[in-house]
Structure formats: structure tokens, C-alpha cells
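Here the structure comes first, spelled out in C-alpha cells, and everything after it is commentary.
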4 protein chains.
Amino acid sequence: MIIRLKQGVDPNSINPLLGALHAVFVPNGVANLVVTPSSVRDLPEEFEPFTDQYQVFDNDIQLASSLYKERREVELGPAVIGRDHQNTAVIIGPCSVESREQIRKSAELVKDLGLSILRAGSYKPRTSPYSFQGLAEEGLKLLEEVRSEFGIRIITEARDATHIDEVIAFSDIIQIGTKAMYDQGILRKCGKTTKPVLIKRGFGSTLQDFVQAAEFVLSGGNPNVILCERGIRTFETRTRFTLDLCGVAWLKEHVNLPVVLDPSHAIGMAYGVPDLARACMAMGVEGLLIEVHPDPANAKSDPAQQLNHQQFRELFVTLQELGNALGLRIF
Amino acid sequence: MIIRLKQGVDPNSINPLLGALHAVFVPNGVANLVVTPSSVRDLPEEFEPFTDQYQVFDNDIQLASSLYKERREVELGPAVIGRDHQNTAVIIGPCSVESREQIRKSAELVKDLGLSILRAGSYKPRTSPYSFQGLAEEGLKLLEEVRSEFGIRIITEARDATHIDEVIAFSDIIQIGTKAMYDQGILRKCGKTTKPVLIKRGFGSTLQDFVQAAEFVLSGGNPNVILCERGIRTFETRTRFTLDLCGVAWLKEHVNLPVVLDPSHAIGMAYGVPDLARACMAMGVEGLLIEVHPDPANAKSDPAQQLNHQQFRELFVTLQELGNALGLRIF
Amino acid sequence: MIIRLKQGVDPNSINPLLGALHAVFVPNGVANLVVTPSSVRDLPEEFEPFTDQYQVFDNDIQLASSLYKERREVELGPAVIGRDHQNTAVIIGPCSVESREQIRKSAELVKDLGLSILRAGSYKPRTSPYSFQGLAEEGLKLLEEVRSEFGIRIITEARDATHIDEVIAFSDIIQIGTKAMYDQGILRKCGKTTKPVLIKRGFGSTLQDFVQAAEFVLSGGNPNVILCERGIRTFETRTRFTLDLCGVAWLKEHVNLPVVLDPSHAIGMAYGVPDLARACMAMGVEGLLIEVHPDPANAKSDPAQQLNHQQFRELFVTLQELGNALGLRIF
Amino acid sequence: MIIRLKQGVDPNSINPLLGALHAVFVPNGVANLVVTPSSVRDLPEEFEPFTDQYQVFDNDIQLASSLYKERREVELGPAVIGRDHQNTAVIIGPCSVESREQIRKSAELVKDLGLSILRAGSYKPRTSPYSFQGLAEEGLKLLEEVRSEFGIRIITEARDATHIDEVIAFSDIIQIGTKAMYDQGILRKCGKTTKPVLIKRGFGSTLQDFVQAAEFVLSGGNPNVILCERGIRTFETRTRFTLDLCGVAWLKEHVNLPVVLDPSHAIGMAYGVPDLARACMAMGVEGLLIEVHPDPANAKSDPAQQLNHQQFRELFVTLQELGNALGLRIF
């Protein structure tokens, strides 16, 4: 249940009511909210003095539900996505920051194509301890350099809660990776900022769990949440994961958050990325996240799935044509 | 291993060599073939007199492999799909033939939009014995009527081997359904005709199994095989199935057969079909299979996933725009 | 809804009522039944004269439901399984009948250990056309020989509906394989016999679909149905399939049919079969199906997963110890 | 590759060699180790002075591989598990610590049955923000009380890296939950202690990923790692998860770490826990983890899957009988 508190209700008078209900106080501009478990179907008596408006939900997708409010919008620097803005963020860059030279080339490509946002990981959540783990703070510094020089925005990922503060302080858009989707140390910190947060679906996570991860951030007070589908694990292993566009259709119907798609991690092989990226574009989502590296064969992580610059330039032409056909502005 | 027999080699001299190898003789126009298990890496001595050309494969995807030959083409009545023809068959119609009136309305829609092929099931492979099982022979007769009257083609499905002969004799395109993909009674019969055969991927089938089902038909002597992805079963059950476009990208890279996509069965809910159909169109495949019913709410099977005529007409406009943007001709 | 017809009601007076409801007449000894779709919640008026007893169900698991009747029993030759009989059928034998010598050795092992039932396939539903497809009729003849000579029972499989009559006529227990679970040509024929039918769960089939396959046979009039869990397809591919014992616990709670487990096909590797077979025994099910071959390394199908005779003898000792601990009689 | 350094080699002389290789120095008693990525097949020249023994592996399961060393042993208080000790830890307790009274009852049951280890969560990694999140530090204090009073051991879970230090300091056995399996903030801290660490398999994690999580802890210098299978996510949703005993058989064959099984979380329903627990016991693993609550109906988390005390007492009798039959000592 989402309870809309009357203006001027003092949070201190509400706090004592929350614990017994497992309810959460959500700062929300002029009219603060309290969200209870969805199992609460009737307004608890003790809230009656503080509200004259509440809404019941079938499950714990509440703040993110399209029954609660129309599609949300999120400002991503030069453009706003969501609502009926018809803007599509095409976000590119390498899997990992590897060196100054590499990341400058990536930033140049972003700039040269008129795009706005560079992606690159600095804390890599690898599955093996015997592999490149990212440049950590050193990587953030390199990203800082290209951000200043090229005037672009950066999205980068926190691996776990031990360095989430640094990543929040540094990023323009904070990425929560597929392996960290359930990490409450990260989710709760992201609820305390107002920077945009892109949550990647856990590859073993249902849509319900996925959106509930967003509820952690939304209920923390940050309304700027973006969902990113990047492939789920299925019995089919000839491709690395299975991109779940049926799930995206479900999200567009039932959830009020903007959606971004990552075809690169889904298939895990560069050959399929252009076709998949076009399919994602035709789904009419708010953004694409595509791995592009100046020299994929020598990348320190995910070499097989990154497009080289020429391959991306060719793909980009067709994305623009599709955008034109569908009335979507790429930025 | 595919062994290309010299012209004029008598099949009767080859037959005695096959059994010990588990090899198959494949009639193939001027130059007949023998296909052995892929584990055979060196030309068996006894075949040396009969061939001067053979090709080794890594697994039992052989006749269907893009290493064997370039993308195949299949004639579907007024147009040819596959190869570099850039033709896209948009195939529509109800889940089941239910009545003369219903199927005439469907045929009129096909005709009115300038399309060519009507889909409709007459032998329904339902999972429950307590549900509508299709009109059987009666349904085929109704389909025959609209085929004659409207000059359109029909694709319909065999449920099992007990009526495969009737379905082969009747159909313009024979459909092998998702639950019958492993049915050798059906696959082997389809290898003996030259009518186009559309094989739907089993919802629990790997890409390897899927293409090997096509190998049964191809090795039977029928080169006109089309693969249809229609959603696989995953842990995500908020949608009926999960459409596997990563798998489609893999097929386009590794397999020489045309591909058709069925978004209706994948998501199982009408609300998502238009977005998914556009995504499928943007994948650049050879066809779409979409369930459209004159009155979905009263359909005798799959009421939730069928578009009504008006909904399809609106979708069709955008499919044409995408086709124009991508250089694809819809028929 | 299961409607129990009054004694003496003429089926001819019932038949005209069935079609409109998609209901099925089920011969059932003294009191015949009609089963309607579970969506029927109130007794249809037209049935009122013919019944004074009916039962409503939440879904189309009806005749197989533990809400309909207590656990069923099925006679398997020398012993009866199910109900509270505490009998466990340990069924062994090779994947395929390959030769007289091989199948005689298998039959000798069955006899020597005091077991009763031999398994062996003659029509193999292989996924590749370029592999051993079984000895077909020739295999049935070899099985007939050892049945007579050793006085044992035979369970063997139909691949598709083209030879289901031969398999029904020949077998003591008819096996419907995992790839044929949805084959109505087979299921409906099995409903017309009274021989025991063992249905293997499709590796992509939900428990709901699995039990509904049994409903096809039960509603055809054959009450002697056994369910066999043999592994489902999951994202884990280091083993061939994933044996679903949680699903077995669900079946034991909700379904009235005896359950048999096949650990060999589940893991697909001989090393794991003994531990898994012991786990299956400890689940307290009505039978085990284990692949045992006199010379696995040279088996013509599934060489990796078959135990040799010595391996099985060692396993058998521990199965007997577990049976003793749990009060189960092996036959 | 695992490189065994000669005795007395100074780590400071090794450290500079690691980075370029993505190799890890592993303290290991008398003979320290360096582990490189498994892609390194030949001993790097610069290591030649420091070693005369190294071993190559096919993949990044190295320290945990049964090719590296025989089954490891881990001391769990009163008994040692692993190797050929034939000891089985039966670990019980509620999902969450809820109150002093509740956890005292649980501890009494442990003590009364002669068991040694109590499980209970204090930081609950819930999927919804609108549900009971555990008592946090307060819960640890209550656990501390019963540990002292009853002389039992405690296993409890860290939710994320923000409180891992507290959990490590407090626990006798540290549990890494299914949603935290990839959390390197947790894994790396657990590598720095020598307390036993039980890693639960991520429900979307392959066996390869699962064992690689253990490699993070092992390569950090902590050899006391236990693997816990607790069910994976599959298309079957009539049960909460699917317990993967085929995977357990694979672990027993290929991995040198003790294995514990959690049937409660796998099925998610109390009715199936006894049968599954017996199956797990018969697999011959090193431990069981079973949720038992003094009053399941009023539990604040997971009410459906917890056994009450009487139900567990009945199960325990049969576990002991199975233990006797199989030569396993329960503690």
C-alpha cells in the first residue's frame, strides 16, 4: 500500500508507526509517502489522521508500478528519457578502462558520433580470481580526465559495497551490475543520492525480483531509476545468455521505469550484436548499452563481444535509420 | 561428413555401405550425397571409388550448416525467401479454425492487406485432454474453401504421426509444432515431400537439437526447410515463454536455413505482440507468424495472445515502415 | 469437474452432451465418469438426471489428483506398486537392444539378482539422423526371446505413433519417452489398453504438463499409469540434465500416481549414478530405472551413462541396505 | 597453473611478478603457492628460480579441484567433516532470529538432539524492501547468548559487505548467502580469516561459477571452505527452486571441498523437506542445513518452508537410521 501523507506531516510522528508494519517512509517532495507491504489491504487505523489518499497493490511492485503513476522520466544530461520524450540514449564504450590511450579513443568516438554517454568498468566483478579485476581508483581517474576533456557523461559500475561511495561520488550515472542486483549495501546507498541509477537485471532474477530491486532505491528516496535487461541464464548455452525481450514487453506494460537494453552481454559474441541492437531499437526502449573497444582482440576482458569502432559506425547508421522510421531521437 | 557422389553412381551400389556407418543417402538432384556421422573425420575407404569431394563437420549440423552452403532459398508461392532476396513473409491467422465464418474473415484480412499466407490449426496439440482439440478433417475442408476462394496459401500443423499424410497432402506449407519437433514419424514423412516445411523449435530444445530436427528432413531429401523460433521455457513465467533472439543471431551466423519468428506464442499476451513483432522485423528474418483473430475474446484456444483485426492493421503499418527502412519487401 | 454417473446410465445418452463442454467420457468399471474442463465449477444442468456426485478441481489435474483419490496401485507382474505396498521396482538394462548376446547377458543379470523387469529400447528417438536408430522390429524379437527364456517382464519405448500398436502389443509395460510425452497419437492409444504405461517427463515440461499427459491416458480409460522423472533441462550443462527431486516431492503430495526415477538419463554420466540412485531410493518412490550394459564402452547409444554389471552389483547391495532401513521391498 | 614455491622464498620477491600475469600469491603453510590463470600452460620463465613443482589445469577451478588434492577436511567444532571422516553435520534452526524466547527454544532443540550447530539469520537479504529485514546487531547478541548458554556453534549470514566484519568476528561458521555468492567484498574478507566459510550456490549460478567463488576464498589464504547446494532456478515454479543433486554428484567427482545440502530453501514448502532430507543424506554429503522453527506459522520470514520441532524430531529418527545404514555419524 502506498500512503500519501498530508502536506506538513512531521516524519518524526510517522517513524514510530513503521516498524511493526515493515513499512518504509519515502521522502517525495511536497507529499511524502509511506509504503507498507502489499499484503496490507486496509489502511491501518493509526495512519488515518495523516492521510486522505492511499492505493493498494497486488504485490510488492508499488512505487515502480504503472498503476501507481505514468511512465517516469529521468534526466541523463543533455536529454530526458522516459515519459513520451522519444529520446534514446545510445551508450557505448569498452568493457573495462584499460589505459589512458584506450579510453581517450573511446571518448573520441562518443564525441565524434554526437553521442553523450561513455560506459566503462573500473571495478570488474569477474567470476575468476585469476583474471583482470579492473584498474579501480586508477580507472576512475582516467575516466575523470576524459569526462573533463570531452564534455561527456560517464556510467560506471560498483562491484560491491566496499567502494560504492567512491562510485556514487564519481559517476554521472551509477550502474549496479547483474551480479550486484541483490546487494542491499549498494541499493540502499543508491537510494540516498539523486543521481540516476541503472540497475542491471540479475541473470538469474525474475522480473519480480528485478523490479523489487528498483523498489529498494525508489523507497530510499531516489526517483531516478532505470532498468537494464542484459540477458538471463537459460538452458541455451550456444549464446552466453538469452536476451529477454518478452520480459521487456512486460516491463513496458506493468512498470513505470525507463528501460535500457544491453545486447552485448546478452549474446556475448560480436557477430550478433548489430542484429540484436536493431531489434532492441525497434522495441522502442529508452536506451542501448553496447560494448565498443578500439581493439577488441586485445581487450583485457570480454574480447569476444566488443565491436570495433568501424563495426559500430556501420551499426550506428542503421540505428539512426530505425530511429527515423520510429520517431526516436538518438543522443 | 558430407560425401558428394560422382554423377551417375548407382544408389544400389551405395546402400550396402551405409548401415555400418549409420550414414544416410540423400537424393540431391545431379549429385547425390551420403552424410555420415560427424565423428567420421577421414573418408572411409569403401567410398573412395564413388567420390572426389567431401567435407568434414564438427558436429551433426551438416546439411544445414553455413559451412556447407550459403543461405538456402525456399519458394513460398508468390515470393522466394532466403538467400539475398530480402523478402519477408508476414503470415497471420487465428490459432485454430473454428468455423466457416471465422476463417473467411481471416482470409479476407490476409487478402485485403496484400498478404499471401494464412495460418490456422486444425489438429491442436493441447496439453489438457479437457479442452478444444481442433476441428480435424472438418477444419482442413474449411481451409480448402478459403484457399480456393481467396487464392491464398495455407500453413497448418500436424499434431502427431497418425494424420501427417493428410496434412502433407493438404498444406502449402507444413508446420511441425513445438511439441512435435522430435517426432520422427512426422520428420521422416516430411523428408519425402518437397513442400516447404516449417519446424518450430521445441520450447525445451537447444539450438543444436532444433537444427538436427531439420537435418532429419534435409537428409530425407527435402531441401525446403524453414526454422521457426517461438520462445523457449525459462525461469521467467510472467510471460508464457522467452523469445530467443540471441539464438536467432546464432542461427543466422551458423545455419543456412531461412528463419521465421513467432512473437505471439512467445509472450502469450496480445499487449506485447506489436513491440516484439517490430523487434523481430528488425532482426532481418525471412518471416513473421502472428496470431490474429476476428474476435479474440471468444477464441476457442489461446484467447489472450491473439490480436484483433484492428490491432493488426495498426501494427502492419509500422512493420511496413520498418521494412522500408531496412530494405525488406513484405508479402 | 469429475462427474460420477449413476450405475446403468447408457453412454449413448451421455455422448451428445460432451462436445459443447469439451468433456470426456471415461469408462470406469461399475460407475463411469465424465470429466469436464476444470473451469466448469457448477454441475451443468443437463447432467443432473445422470449423477448425484461430482467433484470440482482447481486445474486440469483431476483424475490424477490426490484430492480425487488416494494413491493408486499398479500391478507390475510379480508385485503391486503404489498405495501402501512399500514395493520398489528396480528396473535395469541397456539403453538399446543391440544383439542377442548382449540382451541375454542383461536378462541374466536381472534374473541373477532376483529382479523382475528388463528395460531396453528398440526404437530409439535419437536427436541426430546420423546415429544408431535402434533395431526396431528385430529388437522386439530379441526381447521376446529373453522374456520367454528368463521369465522376466519387458519395458520398452515407442518413438512415435507409426509403431505404437506394435509396442503396445509387445510390451509388459509401455514406455512413453521424454521426447514423446506430448504425442497424442501415442497417449490416446495407451488410453485404450490396460497395460501399465510409464510416462517419462518431457525434459522441457512443467509438472503441470507432465501430469496432464497422464490425464490423457487416464481419461482414455486406462488407470495403470506411472510417472517417471528423468531430469529436466536447466542452465546447468556440466551434467546432462537436472534430476528434479523437488518435483517428485510435489508429485507425492499432489498426485495419486506411482512415481519411478531414472538417475541415469538425468546426470548422463556413470560416475554419479550410484549416489543418485541411493538418493532416489531414499525418496521412497515406487521404482528406479537404471541403465546397465554388459560393456558400456562399446554401447551403440549412451555409452557414458551406463553402469557395467559389476558396478551395478555393488550399487545393488547398498540399495538393499537402504530398502531395509526404510522398509521397502525391492523386486 | 598452481606453482608451489620453494620453502623460504620471500613473498616480496614474488609480488612484482604477479600483476602482469593476473596471478595470485596464496599463503599455504610451509610451501606457499602462486596461482595463475589456467590459460597459462607453460611455467613462466621468471618463476623458474622459485619453484620445482607446478600443475596445469583445464579451467580456473584449481585450488578446489580434485586433481589438485584429495577431498579437503574442515573442522566444525566437535567434529571434522570431509576426507574419509564419514561425519555428517545436521545443522538446524529458524530462518531468522526473531526473539530471545524463539532462539532459546531452537538452541534447546539442537542441544536436546545431541547436535552441535545452530543456524539463524540476522541480516536477511530479502527481495522486497517492504518485509522483515532481520534484527541485525541485536540478533547477533541474542545468538551470542544462546551460544554461551548452550555451548553450541552458530552459523549466520552476511547480507553484504557493509557488515561482513561483524559477521566474521561473531560467527563460528560464516555463511555467504545465495544472493551474495558473487560479492567480492564478502569473498575477499572471508579469504583473510581461517574460520570455516559455507558458500551457498547462487540460484542462477553454474557449478563453474559456484566453485570459482570458492577459489576467491581459497586463494585469499583460507582453506576452510564448504559448498552448499540449495536449489537453482528453473522453469519449474510449482516448487520454489530445483535442488540440483546431479550437480552435487559432479562436485563430489571434480571438486575437493566438503558439500552441505539445504533442502528447505530448495523446495520452499515444509511438506517435501523430510523426503528431500533423506535423499540428501543418502547422497553421502558432509552436512544438511534444515530450517526448523518453534512456531512456523508465525515466523517472520519463510513461514511455509520451516518444520516445527515435532516434525523435525520425526525426520531425525529416519536420518539416523539412514546414517546407520550408510556408515555416517551425525553430529
Counting only residues that are in a helix (DSSP H, G or I), touching a residue at least 24 places away in the same chain (Cβ under 8 Å), within 16 Å of A:PHE312 (Cα to Cα) and open to solvent by 20 Å² or more (accessible area, probe 1.4 Å), segment A:75-120 contains a total of 3
In segment C:145-168, anything under 19 Å from C:ILE290 (Cβ atoms) and of a type in the set (A, V, I, L, M, F, W, C) is listed as C:VAL146, C:PHE150, C:ILE152, C:ILE154, C:ILE155
Residue hits (segment A:188-200; in a helix (DSSP H, G or I) and within 12 Å of the chain's Cα centre (by Cα)) are A:CYS190
Conditions (1) under 18 Å from the mean Cα position of the chain (by Cα); (2) modelled with pLDDT under 95 -> B:PHE132 fails only (1)
Considering segment A:151-167, residues that are open to solvent by 10 Å² or more (accessible area, probe 1.4 Å) and part of a strand (DSSP E or B), and then whichever is nearest to A:ARG188 (Cα to Cα), we arrive at A:GLU157
The condition of being in contact with a Cys (Cβ under 9 Å, 6 or more places away or on another chain) and either of a type in the set (Asp, Glu) or under 30 Å from B:GLN62 (Cβ atoms) (or both) holds, among C:ALA158, C:ALA180, only for C:ALA158
Expected output for segment C:29-58 (first residue within 12 Å of chain B (Cβ to nearest Cβ) and under 21 Å from C:GLN212 (Cβ atoms), partner open to solvent by 80 Å² or more (accessible area, probe 1.4 Å) and assigned to a loop (DSSP other than H, G, I, E, B), Cβ below 9 Å, 6+ apart or cross-chain) is C:SER38/C:ASP58; C:PHE57/C:LEU67
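Each row is one residue, and each column tells you yes or no for (1) more than 14 Å from every other protein chain (Cβ to nearest Cβ); (2) within 22 Å of C:THR156 (Cα to Cα); (3) buried (at least 20 other Cβ atoms within 10 Å of the Cβ).
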residue: C:THR239; (1), (2), (3): no, no, yes
residue: C:ALA266; (1), (2), (3): no, yes, yes
residue: C:ALA279; (1), (2), (3): no, no, yes
residue: C:ALA304; (1), (2), (3): no, yes, no
residue: C:PHE312; (1), (2), (3): yes, yes, yes
residue: C:LEU322; (1), (2), (3): no, no, yes
residue: C:ALA325; (1), (2), (3): no, no, yes
Inside segment C:267-280, the number of residues satisfying the requirement of being out of contact with any strand residue (DSSP E or B) (no Cβ under 7 Å at 6 or more places or on another chain) and not in a loop (DSSP other than H, G, I, E, B) is 8
Exactly one of A:VAL56, A:VAL30, A:VAL26 is open to solvent by less than 40 Å² (accessible area, probe 1.4 Å) and not charged (D, E, K, R), and that one is A:VAL26
- Would it be correct to say that C:ALA270 is among the hydrophobic types (A, V, I, L, M, F, W, C), open to solvent by 10 Å² or more (accessible area, probe 1.4 Å), without any contact (Cβ under 8 Å) to a residue 24 or more places away in the chain and in the same structural domain as C:ASN324 (by TED's automatic domain parsing)? no
Counting only residues that are of a type outside the set (Lys, Arg) and out of contact with any strand residue (DSSP E or B) (no Cβ under 8 Å at 6 or more places or on another chain), segment A:80-102 contains a total of 5
Only unsatisfied item for B:GLU48, checking (1) open to solvent by 10 Å² or more (accessible area, probe 1.4 Å); (2) in contact with a Lys or Arg (Cβ under 9 Å, 6 or more places away or on another chain), is (2)
Expected single match for within 19 Å of C:ILE267 (Cα to Cα) and either out of contact with any Pro (no Cβ under 6 Å at 6 or more places or on another chain) or in a helix (DSSP H, G or I) (or both) among D:GLN208, D:GLN212 is D:GLN208
Quick count over segment B:184-203, residues being facing another protein chain (nearest Cβ under 7 Å), under 26 Å from B:CYS246 (Cα atoms) and open to solvent by less than 10 Å² (accessible area, probe 1.4 Å), is 1
Those residues of segment C:223-242 that are under 13 Å from the mean Cα position of the chain (by Cα) and polar (S, T, N, Q) come to a total of 1
- Message: When you scan segment C:243-261, do you find a residue that is within 18 Å of B:ARG126 (Cα to Cα) and either under 13 Å from the mean Cα position of the chain (by Cα) or not assigned by TED's automatic domain parsing to the domain that holds C:ALA23 (or both), even just one?
- Response: no
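Yes or no, residue by residue, for (1) assigned to a strand (DSSP E or B); (2) of a type in the set (A, V, I, L, M, F, W, C); (3) under 20 Å from B:PHE216 (Cα atoms):
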position: B:ARG4; (1), (2), (3): yes, no, yes
position: B:GLY8; (1), (2), (3): no, no, no
position: B:GLY19; (1), (2), (3): no, no, yes
position: B:ASP42; (1), (2), (3): no, no, no
position: B:GLN53; (1), (2), (3): yes, no, no
position: B:ASP58; (1), (2), (3): no, no, yes
Of those in segment D:6-27 that are out of contact with any Pro (no Cβ under 7 Å at 6 or more places or on another chain) and within 21 Å of D:ASN59 (Cα to Cα), the residue nearest to the other protein chains (Cβ to nearest Cβ) is D:ALA23
Could you tell me whether segment A:121-133 includes any residue that is away from chain D (no Cβ under 14 Å), buried (at least 23 other Cβ atoms within 10 Å of the Cβ) and not aliphatic (A, V, I, L, M)?
no
From the option list D:VAL217, D:VAL260, single residue qualifying as in contact with a Leu (Cβ under 8 Å, 6 or more places away or on another chain), buried (at least 21 other Cβ atoms within 10 Å of the Cβ) and touching a residue at least 60 places away in the same chain (Cβ under 8 Å) is D:VAL260
With the condition kept exactly as written, say whether any residue in segment C:305-321 is assigned to a loop (DSSP other than H, G, I, E, B) and closer than 17 Å to C:ASN87 by Cβ. no
Taking segment D:168-182 and keeping only residues that are open to solvent by less than 10 Å² (accessible area, probe 1.4 Å) and at the interface with chain A (Cβ under 10 Å from one of its Cβ atoms), one is left with D:GLY177, D:ALA180, D:MET181
Screening A:LEU21, A:LEU17, A:LEU43 for residues that are under 30 Å from the mean Cα position of the chain (by Cα), of a type outside the set (Val, Ile, Thr) and on the phi < 0 side of the Ramachandran plot leaves only A:LEU21
If we keep only residues of segment D:134-166 that are under 17 Å from D:LEU115 (Cα atoms) and touching a Pro at 6+ places or on another chain (Cβ under 9 Å), then the residue farthest from the other protein chains (Cβ to nearest Cβ) is D:ARG153
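The values are calculated or read from the model by the stated rules, or taken from the named source; none is laboratory data. Just so it is clear, the structure is predicted and the values come from calculations on it, not from any experiment. Positions of Cβ are generated from backbone atoms using ideal geometry, with glycine treated the same way; all protein chains shown enter the neighbour counts. Calculation scope for accessible area: heavy atoms of the full protein, side chains included, ligands and nucleic acids excluded. Shrake-Rupley method; radii C 1.70, N 1.55, O 1.52, S 1.80 Å.
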